[in-house]
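Read the structure below first, then the notes.
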Amino acid sequence: MIELFVDGASAGNPGLSGIGIFIRGEGHLIQLSEPIQPTNNHIAEFTALIRGLQEVKKLGANFVAAKSDSKIVVSSIEKNYVKNPLYQPLLKEAMDIIQNFDMFYITWLPDAQNKAADHLARKAIQAQKS
């Protein structure tokens, strides 16, 4: 089983944004901190999940346990529905990748339990400020 922890962050609405991805399991320990285009926090959160799913797919994982501190992302994936049309293409992209896994589930975590991904997302924002 692969555990995928994701977080997106924005310094503004929109503002400088970054994503953090922390992957562990099946002999892997991967940390990614990537700046993304200035956006809002929700888009950053969806982008982090998509990017994390892409990485897990490259590893050939079959069983993925994703974890996010974004209630909108977790709820959207669980229901395969998001009301805001801005987020609908992001949900579709995530769901298309999820179809590749034999087993997938996503869990909401409080911020305090998602510190590794949060640190990586904030690091990506700081990298853009220097």
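Please treat every number below as a calculation from the coordinates, not as lab data. Since we're looking at a predicted model, the values are computed, not measured. Ideal geometry is used to build each Cβ from the backbone, glycine not excepted, and the neighbour counts take in all protein chains shown.
Among residues other than ARG51 with Cβ under 13 Å from its Cβ, the summed charge is -3 (Lys and Arg +1, Asp and Glu -1). The charge dipole of the stretch 1-68, taken about the Cα centre with unit charges on the Cβ atoms of Lys, Arg (+1) and Asp, Glu (-1), comes to about 100 debye, rounded to the nearest 20. Its DSSP H runs of at least 4 residues, each contributing -39,500 (n - 2.57), put the calculated 222 nm mean residue ellipticity of the chain at -13000 deg cm²/dmol, to the nearest 500.
Over all distinct Cα-Cα pairs of the chain, the Kirkwood formula returns a hydrodynamic radius of 14.3 Å.
Neighbours of GLN88, meaning other residues whose beta-carbon lies under 13 angstrom from its beta-carbon, give a summed charge of +1 when Lys and Arg score +1 and Asp and Glu score -1. Under the convention that each Lys and Arg Cβ holds +1 and each Asp and Glu Cβ holds -1, the size of the dipole of the stretch 2-129 around its Cα centre is about 220 debye. Secondary structure note: in the stretch 2-129, about 65% of the DSSP beta bridges are antiparallel.
Given the pairs LYS71/LYS129; LYS58/LYS123; LYS57/LYS115; LYS92/LYS115; LYS67/LYS115, which span a C-alpha to C-alpha distance of over 20 angstrom in this model? As for pairs spanning more than 20 Å Cα to Cα, those are LYS71/LYS129; LYS58/LYS123; LYS57/LYS115; LYS92/LYS115.
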